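Following: one structure in structure tokens, then a few remarks.
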Amino acid sequence: TYVVTDNCIACKYTDCVEVCPVDCFYEGENMLVIHPDECIDCGVCEPECPADAIRPDTEPDMESWVELNRKYAEVWPVIVTKKDPLPEATDLDGQPGKLATHFS
Ligand code: F3S
């Protein structure tokens, strides 16, 4: 499965949602998540993210991101249409540790 990770936070470019064939992106205030059980592992979203925030769960230390994606995909609404990025997207793209500083 693929999941959304730290660098989506406070950027939320939303290019990813346009290409997902199973509509498994869910939208929070300042981040999207993928429902890990709905993702079919096609991988088309990964290169679409300008922030390189979408990662396969086969990378090291992804367990906490899989759990975060699953937890919020259960409660946030689905998003299928691209919208404008968050206003601070350009400034905060690439800033490390945004889960601690900018997630709400
Ligand atoms: Fe986030 Fe990248 Fe999608 S910044 S909203 S995962 S295109």
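Annotation: segment 1-54 has a Kirkwood hydrodynamic radius of 10.8 angstrom, from the mean reciprocal C-alpha pair distance.
Just so you know, the Cα atoms of segment 28-67 work out to an Rg and Dmax of 10.4, 27 Å. At 37 °C and 0.692 mPa s, what whole-number value in µm²/s does Stokes-Einstein give for the translational diffusion of the chain, with Rh from the Kirkwood sum over Cα pairs? The Stokes-Einstein estimate is 248 µm²/s. Extension gain, Asp23 to Thr101: 0.36 nm times the residue separation minus the Cα-Cα distance gives 25.2 nm. Dipole magnitude for the chain: computed about the Cα centre from +1 point charges on Lys and Arg Cβ and -1 point charges on Asp and Glu Cβ, it is near 220 debye. Extension gain, Val80-Asp57: 0.36 nm per intervening residue step, less the Cα-Cα distance, totals 6.1 nm.
Values in this text are rule-based calculations from the coordinates and carry no lab data. Only a predicted model underlies this, so the values are computations on that prediction, with no experimental measurement involved. Note that each Cβ is placed from the backbone with ideal geometry, even for glycine, and that neighbours are counted across all protein chains shown.
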